[in-house]
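To start, the structure under review is shown below, and the notes come after it.
The values are calculated or read from the model by the stated rules, or taken from the named source; none is laboratory data. What you see is a predicted model, and the numbers here were worked out from it, not measured in a lab. Methodologically, a virtual Cβ is constructed for each residue, glycine included, from the backbone with ideal geometry; neighbour enumeration extends over all protein chains shown.
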Amino acid sequence: MIIYLVQFHKQRGVALITVMLIVALCAVIASQMTARLQIQMQRSANIAFNQQAYWYAMGAEAFTKRVLITAFKDDKEVTHLGQIWAQGETTYPVDFGEISGEITDLQSCLNLNALRAPFNNKNSSNGKNGSNNTNNKNNNKSKKVPARLAFEALLVNLQLDNVSQFEAESMADALTDWLDENSSISSAGGAEDSDYASRAFPYLAANNYLASVNELRIIEHFTPAIIKAIKPYVCVIPASDKHLVNINTLSSEHAELLKALLDSTLEEAQNILSAREEDGFASISDFYNLQEVVKLNNFNDKKDQFVVDSEYFTLKASASFNDSFFAMKSVMKVTDNKYIDVISRTVGRN
């Protein structure tokens, strides 16, 4: 009887330990399930918040279209900095967040895609004697498109470290090769597939239009310092080699670009921008007849680069909702002052 009682107590002790282990295991499982449920709930909330921020940004895009239509309803032939779209960055409060947006004219800067060289620019062959080489250099210079001449001049005008006329031409060569349709090197400073394929992380030249100014980072000769310096003066119009700069929206702080376009002095460029009224020039002929412009040398060769109306604009929008943030850049094209198409949309701060 005594032996039986001892065994019974031992069995009760083992059963109690087993129950405690099971309870502990259930507690661990329940704790893990609760933690995972909380993570899933937070993840779902984050997705919902981010989606709401996205729709806020899309609302800014829709609002921009209405602003542009309103601006060009009265001024159908002129685009200038006195219109309602050119108010700089504007912020609007919304429920649990805010929306910020800034509209800029994509024709107030130098379109890098305009450097896309015509296919016949590379048909000249390299001669074996000195006279042929000289003739080829002269021919290549005469075949440079106006946008390329302006780009080279801009690089020199900015007085960047270690960037002379030679380095500027090399960068223009490399950019032209990146843009053109063939795989032939345009000049000594150019670069094509063989140059990029031999790198530690190989790739090929795009042989197509740039999608962003940031794409310069992977083009030969361009350094982060150079890209940062030229960013305020250059831009990219998607899938377009249009080279028409709106003299009405060209910033007075970017006289170096106007100097490059006109091949003038910096003082002459600043005087032209200072003579421009707040509403800009009513017509392109008013710009041509400006006293500061008339006295420029060889202006007739460069006058076709300028316009007083624009059709490409960009919106930099950002929206926040609770702790979520969404940034977007949209490029819009205005047609007949009443139709607006979004031709490019990029997500991210840059």
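Give the residues of segment 292-350 that are among the hydroxyl-bearing types (Ser, Thr, Tyr) and in a strand (DSSP E or B), sorted by residue number. 312, 314, 318, 320, 324, 330, 335, 339, 344, 346, listed by residue number.
I'd like to check something: does segment 181-191 contain any residue that is outside any loop (DSSP other than H, G, I, E, B) and surrounded by fewer than 21 Cβ atoms within 10 Å (Cβ to Cβ)? Within segment 181-191, none of the residues are outside any loop (DSSP other than H, G, I, E, B) and surrounded by fewer than 21 Cβ atoms within 10 Å (Cβ to Cβ).
Apart from one condition, residue 308 fits all of (1) within 30 Å of residue 93 (Cβ to Cβ); (2) in contact (Cβ under 8 Å) with a residue 12 or more places away in the chain; the exception is (1). One residue stands out among those in segment 67-89 that are among the β-branched types (Val, Ile, Thr) and part of a loop (DSSP other than H, G, I, E, B): the one that is nearest to residue 315 (Cα to Cα), which is 84. Could you please let me know if residue 200 is over 20 Å from residue 79 (Cα atoms) and without any contact (Cβ under 8 Å) to a residue 12 or more places away in the chain? Here the answer is yes, as residue 200 does meet what is asked. Looking for something crowded, with 16+ Cβ neighbours inside 10 Å, of a type outside the set (Gly, Ala, Ser) and in a strand (DSSP E or B) - is there at least one such residue anywhere in segment 260-269? No, the conditions are met nowhere in segment 260-269. Residue pairs whose Cβ atoms lie under 6 Å apart, separated by 6 or more positions or on different chains, with the first residue in segment 216-237 and free of Cβ contacts under 8 Å to residues at least 60 places away in the same chain and among the charged types (D, E, K, R) and the second assigned to a loop (DSSP other than H, G, I, E, B) and surrounded by 19 or more Cβ atoms within 10 Å (Cβ to Cβ), are 220/191.
Residues checked against (1) at pLDDT 80 or above; (2) polar (S, T, N, Q); (3) outside any loop (DSSP other than H, G, I, E, B):
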| residue | (1), (2), (3) |
| --- | --- |
| 29 | yes, no, yes |
| 36 | yes, no, yes |
| 42 | no, yes, yes |
| 91 | yes, yes, yes |
| 125 | no, yes, no |
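With respect to (1) more than 29 Å from residue 272 (Cα to Cα); (2) in contact (Cβ under 8 Å) with a residue 24 or more places away in the chain; (3) crowded, with 16+ Cβ neighbours inside 10 Å, the lone exception for residue 329 is condition (2). Inside segment 319-350, residues that are at pLDDT 90 or above, of a type in the set (Gly, Ala, Ser) and under 21 Å from residue 109 (Cβ atoms) make up a count of 3. For segment 83-102, a residue qualifies if it is within 18 Å of residue 248 (Cα to Cα) and loosely packed, with under 14 Cβ neighbours inside 10 Å, and the qualifying residues are 84, 87, 88. Residues that are within 26 Å of residue 256 (Cα to Cα) and among the small types (Gly, Ala, Ser) within segment 155-186 comprise 164, 168, 170, 172, 174, listed in sequence order.
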